[in-house]
Amino acid sequence: MSHAEAHHERIAWSASVLATVRQAPVPTLFAAALTLVLYHLAFAEPRTAFDTVLAYMAAGGFLAAATGQVVAGSVGALVGGAGAVALMAGADVLFVSRALLAFSLAIAAIGVPLIGPPMDRQAAWRSLVRSATAALLALGGAGVVILGVWWVAAGVAALLGLGVGVAAWRIAGPVALGLLAPLIFLTLSERGAESDRVADALGSVAQILTRLVVLPLLAFYTAVLAIYIGRIVVTGTMPSNEVGWIVPLFGVAGAASYLAVAGSAAPGRMGRLFLVSWFPVTIAPLVLYGIALWMRVASAGVTPARYLGVLCGVWLAALALGALPAGRRFDPRLIVVTLALVLALGAVGPWSLRPVVAKSQADRFVERLDVAGVAGLAALEPNERWRVCSSMQAVEEVGGLDRLARRLGVSADALAEACGRRIPGRTMIRFAAKEAAIRTSGPAWVWGPVEIGEGRRMARDPSGITIDVAAGVATVTAGKARHRFDLVAAARELKASRAAETEAEPEVAADASTRESRAQDASAEDDAPAGSDPLVLSDGPVSLWVWSLVALEDPRQAVLRSARVSVVVSERDEPPR
């Protein structure tokens with residue numbers, strides 16, 4: 001491509017982006033809101049549960065607005081985006097599964113070009129590949145921007161000694177993921193057929209791989225399943241648990257292959273045979289899968305994983321039953337449309353994931369309680385108590401613990417204590433401070449910051465300093481002496497004493513890299529706001545400066561998931577050898 005052609009392409013691309021902003025103002029506004037939310041998340045320390053809700057609201061709003069824009073223009077985008085934001089915001093009240101709803105909206109945003117008047121199979125395949133390619137290129141473009149910024153920041157840090165990596169990531173990440181990627185997706189989705197060279201190439205590659213690789217594998221797996229079903233019929237045994245993942249994988253691979261083969265102008269002999277026989281072939285494995293799933297639900301209740309298995313089975317069964325009477329007239333667009341609908345139904349409503357799982361596991365928990373009720377759980381053996389309380393854990397995972405507690409006439413905390421364990425979501429301890437400086441009353445040896453975690457050992461050669469972590473306690477060995485620092489207990493006390501965490505910004509800059517350096521004398525005066533310092537633990541000449549910490553507190557044993565610390569050894573004593 002010549003310089004003039006490249007310049008013309010850049011101008012055409014800029015014009016396309018501007019045209020997209022004018023034609024789709026509502027999705028663009030939702031993308032801007034997503035960018036602001038990502039900026040907030042990039043600088044929020046520590047992050048809260050509300051931050052997660054904000055992320056789901058912003059992402060769901062954009063996906064729903066992009067879908068509504070195609071269906072009904074700006075009005076549809078506004079209604080769809082506002083509806084998705086409301087569902088995400090009120091998910092805990094309405095018992096909506098945010099993750100499942102976001103996934104269904106993503107499928108809808110990619111598959112919405114298939115909605116409309118009848119189109120031939122090849123046109124439907126091209127529309128789907130074009131939309132999927134737009135999504136891949138959007139995410140890929142954002143990834144390239146983030147990687148490029150990281151590379152530049154690493155070069156600046158290595159050559160000039162300026163630590164701009166975190167700041168660059170916090171600025172570039174939200175713009176790339178929140179604004180650039182959505183605009184690329186909207187622009188590529190709106191461009192005409194003359195710009196589909198990349199999508200056509202990727203679609204052709206996918207069709208070739210499907211015919212040459214996937215279809216033979218599906219044929220082989222069909223024979224294996226037929227033999228397995230025959231053995232069950234002959235021996236009278238029940239299907240094993242492995243069917244729970246084999247059949248869904250088999251069905252999803254077949255459905256995706258049907259889309260690719262149906263959209264091919266020359267599917268070949270094997271392709272034509274596959275189009276005719278695939279959906280009838282799936283009926284027997286789906287029956288087997290339903291039996292295996294029913295057995296697991298009957299014995300252990302409905303869990304999130306089993307509910308997702310039910311959704312997959314319902315989707316595949318609906319496709320098979322719909323394709324049988326249609327035969328060759330079956331519209332492959334229904335594969336994508338029904339998937340989005342099934343996922344949406346599984347996310348919202350009284351039949352959705354959270355209320356169904358909560359009711360099933362709550363009923364199991366109540367049935368397992370003896371006549372002594374909740375108070376009698378403390379007398380059970382630990383293994384037996386956990387067998388009973390595992391249902392309570394499943395209820396807590398979907399947000400139904402308070403309802404279960406009200407049903408039993410106790411508080412949620414009392415229910416958790418009766419089970420002999422604390423709820424992980426209620427006992428997570430987080431601490432974060434801005435890494436800036438280490439202050440000492442004299443020269444010191446500094447090692448860090450380093451990442452430590454439960455059950456890990458970090459060693460610094462040739463100084464001989466080591467850090468071992470067990471049960472939330474970090475043991476620092478410097479020379480012949482050992483110094484113990486209970487990080488979880490210290491973080492718990494800090495969390496209890498501070499109403500709100502603020503970022504730390506000590507006065508004097510020091511080199512806190514992994515090489516040994518000397519921290520110069522610094523004034524004891526600190527003009528940072530109260531409560532903004534990093535967590536500093538001291539034991540004699542050794543201090544542990546904690547920049548960030550994530551721990552899980554449990555009555556039986558605390559667990560330090562991760563921490564970022566620096567070790568400071570005062571030079572008033574002999575430095576480590």
Value of Rg to Rh for the range 318-376 (Rh from inverse mean 1/r over Cα pairs, i.e. Kirkwood): 1.34
Whether the range 295-342 is rounded, prolate or oblate, judged on the alpha carbon gyration tensor where a/c under 1.5 counts as rounded: oblate
Among 88-101, 401-414, the order from most to least packed when residues are scored by Cβ within 10 Å on average: 88-101, 401-414
Exposure of Thr222 as accessible area (Å², to 10), given a probe of 1.4 Å and all protein chains: 40
Listed peptides 69-76, 336-343 by packing density, highest first (mean Cβ within 10 Å): 336-343, 69-76
For the range 83-164: rounded, prolate or oblate by the Cα gyration tensor [a/c cutoff 1.5]: oblate
Long-range HN-HN contacts of Ala470 with modeled amide H, under 5 Å: Gly455, Thr475
Summed side-chain charge close to Pro118 - residues other than Pro118 whose Cβ falls under 13 Å, Lys, Arg +1, Asp, Glu -1: +1
Projected label distance in nm at Arg561 and Ala481, using a 7 Å step from Cα toward the beta-carbon: 3.4
Anisotropy class of the range 29-73 from Cα gyration tensor, a/c 1.5 cut: prolate
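The values are calculated or read from the model by the stated rules, or taken from the named source; none is laboratory data. Nothing here was measured: the structure is a model prediction, and the numbers come from that model. Note: ideal-geometry Cβ built from the backbone for every residue, glycine included; neighbour counts use all protein chains shown. Remember, those area values only see protein heavy atoms, side chains included, never the ligands or the DNA or RNA. Shrake-Rupley method; radii C 1.70, N 1.55, O 1.52, S 1.80 Å.
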